[in-house]
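The values are calculated or read from the model by the stated rules, or taken from the named source; none is laboratory data. Keep in mind it's a predicted model, so treat the numbers as computed, not measured. Note that we place each Cβ from the backbone using ideal geometry, even for glycine, and neighbour counts take in every protein chain shown. Side chains are part of the model used for accessible areas, which takes the heavy atoms of the whole protein and leaves out ligands, DNA and RNA. Shrake-Rupley method; radii C 1.70, N 1.55, O 1.52, S 1.80 Å.
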Amino acid sequence: MVFKVSKVSTTPIDGQKPGTSGLRKKVKVFIQPHYLQNFVQSTFNALTPEKVRGATLVVSGDGRYFSKDAIQIIIKMSAANGVRRVWVGQNGLLSTPAVSAVIRERVGVDGSKATGAFILTASHNPGGPHEDFGIKYNMENGGPAPEAITDKIFENTKTITEYLIAEDLPNIDISTIGVANFSGPEGQFDVEVFDSASDYVKLMKSIFDFELIRKLLSSSKFTFCYDALHGVAGAYAHRIFVEELGAQESSLLNCVPKEDFGGGHPDPNLTYAKELVARMGLGKSDSAVDPPEFGAAADGDADRNMILGKRFFVTPSDSVAIIAANAVNAIPYFSSGLKGVARSMPTSAALDVVAKNLNLKFFEVPTGWKFFGNLMDAGLCSICGEESFGTGSDHIREKDGIWAVLAWLSILAFKNKENLNGDKLVTVEDIVRQHWAIYGRHYYTRYDYENVDAGAAKDLMAYLVKLQSSLDEINSSVKGARSDVSNVVNADEFEYKDPVDGSVSKHQGIRFLFEDGSRLVFRLSGTGSEGATIRLYIEQYEKDSSKTGRDSQEALAPLVEVALKLSKMLDFTGRSAPTVIT
């Protein structure tokens, strides 16, 4: 079929500046006339011509409501803008880490390689007709578009007057694997629908010892549970955990992807992953059923993870530190050693201690995976993580939830390889407590105040910046709240100079650093679709092994009290309690 290109007149959109997480709004915003089209054309206009004309693009996402319509629109706009071919995961499903893997690893039948991707996701935000939709663009390295590109996209959305679209191009059947061929003014245009999981599974098998993990999962002493929260991880869970690793089908919870995530909130934490939390023995009511030895959950686009042991929660900060400490021995991909490790600034310093003990390069970066990507592209970082349940490595340029689960299964399999017939397996809790005994424990929690009035949130942050000019005033407030908390010795706004490209990122979070190594961090999050989210991070380091077994919230209670008084949280926001505690 031959298609024609139409130029459609339009007006600028009242959008937001897209970050590495992309543009996120309610579905009702995205379905406005021309809204999605404006953003897509603004993205094409922000890229160099060789990244568009004749290029191969990936278009898929987490399957949330409006994704199927959006895919058809982007395909037609890609054709009109001179793109040579579009790759779509079957049913429009590709996890964010799988998209990165496809960009980096997949070779088409004609030898083509992808140069970028439109990923349709709002990550861990709810989905459905009245909930959230999102879109972001990833570059040829598989990572999120850098700020230079997202700045151009944003500026373009404010001045755009027309977009290009092949309106007469028929809709593609994205449920069936195959290639559709078309011709346009600039030549041939192809759309290939391919298996969503095969490239990603192949990559995972090249990283981990699947046979060793399979032996663990086949042990009568080991039980396993994985909850996809009805997100895109379900498209991979059966293939990897059941077909490849031999887990029981009953091990999988909520692994059918749904447009509204089954009406749930696809955020893998103790608040929203209710069914898994209950099954793992961490719910409010005791269950007569013995919990599994290992449990894990994913968010909507499968780039985040939560790791649980039997009646035991592993903080994301501890998780990345434990993976780094055990990677060389337990994961074949790292057998020759780690290049370095990195964490986001709000993440606890557990990884810092591992890096110091193992003499590894260490980097503290702002929140945003692009900063890790720069380090990885420069060969400086192997493993990295964020406290917001994101963990990953240099195998791709996104955080990777299933990778993190396989990393933990690899550590468990390695620790138990001579013990599968013994009396008792080494458990998740055993591994964490052994880690604390060696490296100390970073008691850590995060309070999220979601959908706060944006003006009030900015006022609170401005107040904290002003307060930082006087340590005496800060410590007077600290002692007024709790006399048993040590003094603040430094207070600042985190600023990062990228060691690779020299770029400087300012205003990345407000920090209060205490004499005993404790920290309070305040940050505005950009992952919501409306209002503002204030995130408060509270951390206390304990080296004394006799004191590392306390309940985290109990141990941190004095610092929590200080944080709430210091920030005047109730006064500014009217909130007497956070929306979520992790």
Practice task
Kindly state which strands (runs of 3 or more DSSP E) lie completely within the range 1-103 and contain at least 3 residues that are surrounded by 24 or more Cβ atoms within 10 Å (Cβ to Cβ).
Solution key: 56-61, 85-89
Fill in the blank from the handout: The condition from (1) more than 30 Å from ASP352 (Cβ to Cβ); (2) open to solvent by 20 Å² or more (accessible area, probe 1.4 Å) that GLU293 misses is numbered (1)
Handout entry: Given (1) in contact with a Pro (Cβ under 9 Å, 6 or more places away or on another chain); (2) surrounded by fewer than 20 Cβ atoms within 10 Å (Cβ to Cβ), number of the condition VAL256 does not satisfy
Key = (1)
Exercise for the section: Only one of these is free of Cβ contacts under 8 Å to residues at least 24 places away in the same chain, surrounded by fewer than 18 Cβ atoms within 10 Å (Cβ to Cβ) and among the basic types (Lys, Arg): LYS424, LYS417, LYS466. Name it. Expected result: LYS466
Exercise for the section: Say whether the condition of being touching a residue at least 60 places away in the same chain (Cβ under 8 Å), surrounded by 22 or more Cβ atoms within 10 Å (Cβ to Cβ) and of a type outside the set (Val, Ile, Thr) is met by at least one residue in the range 171-184. Expected result: no
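Could you check the range 144-170 and list, in sequence order, the residues that are open to solvent by less than 30 Å² (accessible area, probe 1.4 Å), of a type outside the set (A, V, I, L, M) and modelled with pLDDT of 95 or more?
Here is the first cut: in the range 144-170, the ones open to solvent by less than 30 Å² (accessible area, probe 1.4 Å) are 144-145, 149-150, 153, 157, 160, 163, 165-166, 169.
Restricting the remaining residues to those that are of a type outside the set (A, V, I, L, M) gives 144, 150, 157, 163.
Scanning the range 144-170 gives a single hit, TYR163.
Scan the range 478-498 for residues that are in contact with a Lys or Arg (Cβ under 9 Å, 6 or more places away or on another chain) and open to solvent by less than 30 Å² (accessible area, probe 1.4 Å) and report the count.
Kept after step one, since they are in contact with a Lys or Arg (Cβ under 9 Å, 6 or more places away or on another chain), are these residues of the range 478-498: 478, 480-482, 485, 487, 490-496.
From what is left, the residues that are open to solvent by less than 30 Å² (accessible area, probe 1.4 Å) are 478, 481, 485, 491, 494, 496.
Number satisfying all stated conditions: 6.
Return a yes/no flag: does the range 265-273 have any residue that is polar (S, T, N, Q), touching a residue at least 24 places away in the same chain (Cβ under 8 Å) and surrounded by fewer than 24 Cβ atoms within 10 Å (Cβ to Cβ). Break it down into steps so the answer makes sense when it comes.
To start, the set of residues in the range 265-273 that are polar (S, T, N, Q) comprises 269, 271.
Pick out the ones that are also touching a residue at least 24 places away in the same chain (Cβ under 8 Å) and you get 269, 271.
The next check asks that each one be surrounded by fewer than 24 Cβ atoms within 10 Å (Cβ to Cβ); those that pass are 269, 271.
Checked the range 265-273: at least one residue is polar (S, T, N, Q), touching a residue at least 24 places away in the same chain (Cβ under 8 Å) and surrounded by fewer than 24 Cβ atoms within 10 Å (Cβ to Cβ).
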Exercise for the section: Can you confirm whether the range 386-407 contains a residue that is modelled with pLDDT under 95, closer than 20 Å to ILE431 by Cβ and in contact with a Leu (Cβ under 7 Å, 6 or more places away or on another chain)? Expected result: no
Fill in the blank from the handout: Listed by range, helices (runs of 4 or more DSSP H) wholly within the range 189-244 having at least 1 residues that are without any contact (Cβ under 8 Å) to a residue 12 or more places away in the chain and closer than 26 Å to SER336 by Cα are 210-218
